[in-house]
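Here the structure comes first, spelled out in structure tokens, and everything after it is commentary.
The values are calculated or read from the model by the stated rules, or taken from the named source; none is laboratory data. Keep in mind that what you see is a predicted model, and the values were worked out from it rather than measured. Counting neighbours? That spans all protein chains shown, and the Cβs are built from the backbone with ideal geometry, glycine included. The area values use the complete protein model at the heavy-atom level, side chains included, leaving out ligands, DNA and RNA. Shrake-Rupley method; radii C 1.70, N 1.55, O 1.52, S 1.80 Å.
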Amino acid sequence: MNKQWMEFVESIKRLYGKDFIALHEPTFNEKEVEYVTDCVKTGWVSSVGSYVTRFEEDLAKFIGVKRAVAVVNGTAALHIALKVAGVEANDEVLMPSLTFIATANAISYIQAIPHFVDVNIETLGVNPAKLETYLEEVAELRQGELYNKQTNRRIKALVPMHTFGHPCLMDELDAICEKYKLVLVEDAAESLGSYYKGKHTGTFGKVSAISFNGNKIITTGGGGAILTDDEALADYAKHLTTTAKVPHRWEFIHDEIGFNYRMPNINAALGCAQLEKMPEFIEQKRNLAGYYENIVTNIDGVQLFKEPVNTRSNYWLQTIILDESYDRNEVLDFLNNQGVMSRPIWTPMHELVMFQQCPKMDLSVTELLNKNVINIPSTPISEG
Ligand SMILES: *Cc1c(COP(=O)(O)O)cnc(C)c1O
């Protein structure tokens, strides 16, 4: 690696003021300590307590959605979102192959089948034009439901994912769902604080999921939430994620097989404190993108990935794109050896052993991006 790359490493170390820089670390201060201490001191650390409701209300308000249901992690949120959206065993669910494993796993938990679609270079998310051409070819509507002509299975839903916080082309994807009678379920795990045409991601789908894992823009330790404007679906999601217990003063009656997916109060306390800082975090993330843009331009054949048109991104993970002159692994080796923690994008789902037999379209852009996308340190930096 040449002098330009050495200077890049030096600039990052100067920016963070240290020699080893993690990919993404949580940021806490007295607020987190105060709220979590309150849980410990009062004993309300587990499945009952006021922080869960408060977190759900604060989150719904921040996002601009009617209801948020807090759960143990983002994967569980996706699982239940798909279930309440009506996805059933043996249905196919369209999803990008370029995503974190959770999207495909959640679909599999319902015994539904992931059906992989390609992304575009501009958004790193599902390519609507390519999807539409593909559906014209392989699918047909039968009595108001979409079927895969090759497998004879119903195609029930589309799950776009907002990669690294950058919103997908939601107008176009929405139109496709309308035309082909698909339920839209957003995997908004990475995009808290990201907007498409002024509307928060996760508010386009009938139901959506978000994550508060330790590496996300805010964290509850582990956690997630189901988002929806549909009160009945929200109530059902709450019911399913809290063991499907029928409310009663003492009796244990459960009216279906539910899940113990409730977010503990102590995690919600952390979340309440984190959520208060969202405006700062977003500003810091966006400033960081500006800083990176300046230093990345000094390296030949490398570009910083910038928010797509009509969007305002949370820039959760900062992303560089290498041109074909580079070997991705050499760059990763170099940066990690220098103490600048860097990671490739995920191995595409269709290449993993569990999902190799799943239906898929041409995935050439996914495969290309797998060779040239790298995430670089993204922890927000506070001024002063
Ligand atoms: C983080 C993430 C999830 C959820 O992950 P959990 O670790 O279960 O909270 C889902 N999808 C994507 C794309 C993610 O990045």
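Take the conditions under 27 Å from residue 361 (Cβ atoms), out of contact with any strand residue (DSSP E or B) (no Cβ under 7 Å at 6 or more places or on another chain) and either more than 16 Å from the ligand (Cβ to nearest atom) or outside the structural domain of residue 84 (by TED's automatic domain parsing) (or both) and apply them to residue 198. Does it pass?
no
Can residue 322 be described as among the aliphatic types (A, V, I, L, M), in the same structural domain as residue 61 (by TED's automatic domain parsing), more than 21 Å from the chain's Cα centre (by Cα) and open to solvent by less than 30 Å² (accessible area, probe 1.4 Å)?
Values: among the aliphatic types (A, V, I, L, M): yes; in the same structural domain as residue 61 (by TED's automatic domain parsing): no; more than 21 Å from the chain's Cα centre (by Cα): yes; open to solvent by less than 30 Å² (accessible area, probe 1.4 Å): yes.
Spelling it out, it is not the case that residue 322 is among the aliphatic types (A, V, I, L, M), in the same structural domain as residue 61 (by TED's automatic domain parsing), more than 21 Å from the chain's Cα centre (by Cα) and open to solvent by less than 30 Å² (accessible area, probe 1.4 Å).
Could you list, ordered by first residue, the pairs with Cβ atoms under 9 Å in which the first is in the range 93-105 and under 23 Å from residue 153 (Cα atoms) and of a type in the set (Gly, Ala, Ser) and the second is assigned to a helix (DSSP H, G or I) and near the ligand (Cβ under 9 Å from one of its atoms), at least 6 apart or interchain?
These pairs meet every condition: 102/74; 102/75; 102/78.
Somewhere in the range 57-66, is a residue modelled with pLDDT of 95 or more and either hydroxyl-bearing (Ser, Thr, Tyr) or within 13 Å of the ligand (Cβ to nearest atom) (or both)?
Checked against the condition, which is being modelled with pLDDT of 95 or more and either hydroxyl-bearing (Ser, Thr, Tyr) or within 13 Å of the ligand (Cβ to nearest atom) (or both), the range 57-66 yields no hits at all.
Here is a yes/no grid of residues against (1) more than 16 Å from the ligand (Cβ to nearest atom); (2) in the same structural domain as residue 304 (by TED's automatic domain parsing); (3) surrounded by fewer than 24 Cβ atoms within 10 Å (Cβ to Cβ):
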| residue | (1), (2), (3) |
| --- | --- |
| 109 | no, no, yes |
| 130 | yes, no, yes |
| 138 | yes, no, yes |
| 143 | yes, no, yes |
| 161 | no, no, no |
| 166 | no, no, no |
| 181 | yes, no, yes |
| 185 | no, no, no |
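Are any of the residues in the range 311-319 out of contact with any His (no Cβ under 9 Å at 6 or more places or on another chain), assigned to a helix (DSSP H, G or I) and either among the hydrophobic types (A, V, I, L, M, F, W, C) or open to solvent by 10 Å² or more (accessible area, probe 1.4 Å) (or both)?
The answer is no; no qualifying residue exists.
Working carefully through the options 75, 123, 103, find the one that is open to solvent by less than 30 Å² (accessible area, probe 1.4 Å) and within 12 Å of the ligand (Cβ to nearest atom).
103
Any residue that is open to solvent by 50 Å² or more (accessible area, probe 1.4 Å) and closer than 20 Å to residue 233 by Cβ - is there at least one of those in the range 150-158?
No.
Only residues that are farther than 30 Å from residue 174 by Cβ and among the small types (Gly, Ala, Ser): list them for the range 208-265, please.
214, 221, 222, 244, 258
Is there any pair linking a residue in the range 290-303 that is assigned by TED's automatic domain parsing to the domain that holds residue 323 to one that is of a type in the set (Ser, Thr, Tyr) and exposed (fewer than 12 other Cβ atoms within 10 Å of the Cβ), with Cβ under 9 Å and at least six apart or on different chains, and which?
300/325; 301/325; 303/297
Would you be able to tell me the number of residues in the range 252-271 that are among the β-branched types (Val, Ile, Thr) and surrounded by 16 or more Cβ atoms within 10 Å (Cβ to Cβ)? Can you show your working first?
We begin by selecting, within the range 252-271, every residue among the β-branched types (Val, Ile, Thr); these are 253, 257, 266.
Applying the additional criterion that residues be surrounded by 16 or more Cβ atoms within 10 Å (Cβ to Cβ) yields 266.
Of the residues in the range 252-271, 1 are among the β-branched types (Val, Ile, Thr) and surrounded by 16 or more Cβ atoms within 10 Å (Cβ to Cβ).
Just to verify a result, which residue in the range 201-251, among those that are loosely packed, with under 15 Cβ neighbours inside 10 Å, of a type in the set (Asp, Glu) and more than 21 Å from residue 264 (Cα to Cα), is farthest from the ligand (Cβ to nearest atom)?
Step by step, filter the range 201-251, then rank; the result is 251.
Working only within the range 11-26, note down all residues that are open to solvent by less than 80 Å² (accessible area, probe 1.4 Å) and assigned to a helix (DSSP H, G or I).
Listed by number, the residues that qualify are 11, 12, 13, 15, 16.
Specify the residue that is surrounded by the fewest Cβ atoms within 10 Å (Cβ to Cβ); the eligible residues are those in the range 27-50 that are among the charged types (D, E, K, R) and in contact (Cβ under 8 Å) with a residue 40 or more places away in the chain.
Ranking the candidates gives 34 first.
Within the range 272-295, is there a residue that is buried (at least 17 other Cβ atoms within 10 Å of the Cβ) and among the polar types (S, T, N, Q)?
Yes.
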